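The values are calculated or read from the model by the stated rules, or taken from the named source; none is laboratory data. Since we're looking at a predicted model, the values are computed, not measured. Cβ atoms come from the backbone with ideal geometry, glycine included; neighbour counts cover every protein chain shown. For accessibility, only protein heavy atoms count, side chains too; no ligands or nucleic acids. Shrake-Rupley method; radii C 1.70, N 1.55, O 1.52, S 1.80 Å.
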Amino acid sequence: MMIITAILTSLMIPLLVVSAFNTSPPQSSSSVANRVKSVNYFISRECNYKCKFCFHTQKNTNKLGIGNAKLGLQLLQHSGTEKINFAGGEPFLNPQVLGELCQFAHSECGMAVSIISNGSLIKSEWMDRYGQYVDILGVSVDSFDPATNALIGRGTGDTTKNQHVSRVLKVRELCAQHGILFKMNTVVCSLNHHEDMNEYVTTLDPYRWKAFQCLILQGENAGGVNDLNDARELQVTREEFDAFIQRHSDQSALIPEPNTVMQNSYLLLDEELRFLDCSENGKIPSQSILEVGVERALSQAGFDDDMFQKRGGIFEWTRDRGGNNDSILK
């Protein structure tokens, strides 16, 4: 209670939520800390792309004020969070908020900071100001073919003008200039599972390359009445997914995550700082950590800690700040 009161006081946040924080079933502090080491925070659902398989769609444009968002980070810090990943939507649609949160998480909370972006809005000016606070910058790269990217919804639908690949190359160069670890995320779907990406991946030389099997979640991309997307035709079988992985097995950075591994092994916070329970093939939000604290909200998260550990969820997530890297792209 003293920690929470101090956090709220330091941020000049009213003490309206404190009374609810101690109503959760007791868990040991070490148990909570072990489960919240790495948290993904979707700061907004807003996005400038229309990827057809997206399972966190733009159902609203809500986002917290910077004070409440920072409070959430401090609550996570005091519960044991060591790494925060900012995602969306597209987080760079809110560059000032994103930058301030990266700075706060790194400088005030001592967290490793990562970002997942589509890469289209990352500016050199932002990197000059805030790149020092970022450890890992991940970019979604589902194809290196402009026509395939257009079909997926990454960038413009005009295949002759799709610039997604060139934007990825630019972001990779910016990461090299600022000493930030570069990561790739690929959703393997019916439009790209035959593709051979080895040449481009070797050139980009990512620190980590996550390959996800296209996932369907009710209420998001399952074609239901309230779903904004219908990704059912984009699904691939486990055999097709495994064939894609095998084709790229020489890539040492590759980390395959089929649906059975991915679905419940990520601790997700939405734009209201509510954990999202995906265990029933949808997204059921918990109470906000701002209302009930991290411990109680975590009990509603449906998080599979064992799978998180098995998939290598804990890794070296802090970059070397001893000096800038040389350019990777020669």
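Here are the numbers:
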| read-out | value |
| --- | --- |
| Helix axis angle, 95-107 relative to the chain longest principal axis, alpha carbon, degrees | 60 |
| Filter on K70/K170; K63/K310; K283/K310; K37/K63 - keep pairs with C-alpha separation over 25 Å | K70/K170; K63/K310 |
| Residues whose placed amide H lies under 5 Å from that of A211, excluding near-sequence neighbours | T186, I255, E257 |
| For the stretch 54-140, convex hull of alpha carbons as volume per residue, Å³ | 100 |
| Using alpha-carbon coordinates, inclination of helix 289-298 to the longest axis of the chain, degrees | 70 |
| Label point distance in nm, F315-I66, each placed 7 Å from Cα along Cα→Cβ | 3.2 |
| Solvent-accessible heavy-atom area per residue, rounded to whole Å², over the chain at 1.4 Å | 44 |
| Volume in Å³ per residue [convex hull over Cα atoms, computed for the stretch 238-302] | 103 |
| Convex hull per residue volume in Å³, alpha carbons only, for the stretch 200-252 | 103 |
| Highest-MSF residue in the chain out of A147, A211, A69 [GNM, Cα springs under 10 Å] | A147 |
| Of all accessible heavy-atom area on the chain, the percent that carbon and sulfur account for (1.4 Å) | 49 |
| Principal-axis tilt of helix 66-79 within the chain, Cα atoms, nearest 10 degrees | 80 |
| Net length gained if the chain between S107 and R232 were fully extended (0.36 nm per residue, minus Cα distance) | 40.7 nm |
| Gain on full stretching of the segment that runs from A33 to D250 - 0.36 nm per residue minus C-alpha separation | 74.6 nm |
| Dimensions in Å of the stretch 138-224 - Rg and Dmax from alpha carbons | 13.8, 44 |
| Two-decimal log10 I(q)/I(0) for the chain, as the Debye equation yields it once each C-alpha is a single scatterer, q = 0.07, 0.09, 0.12, 0.14 Å⁻¹ | -0.27, -0.46, -0.83, -1.15 |
| Rounded to the nearest 20 debye, dipole of the stretch 28-167 from Cβ charges on Lys, Arg, Asp, Glu | 360 |
| Contour minus Cα-Cα distance for N198 and E100 (0.36 nm per residue) | 31.7 nm |
| Residue-averaged [θ]222 nm for the chain, counting only DSSP H segments that reach four residues, each worth -39500 (n - 2.57) | -9500 deg cm²/dmol |
| Spin-label pair D205/V225, simplified geometry with 7 Å Cα→Cβ offset, distance in nm | 5.5 |
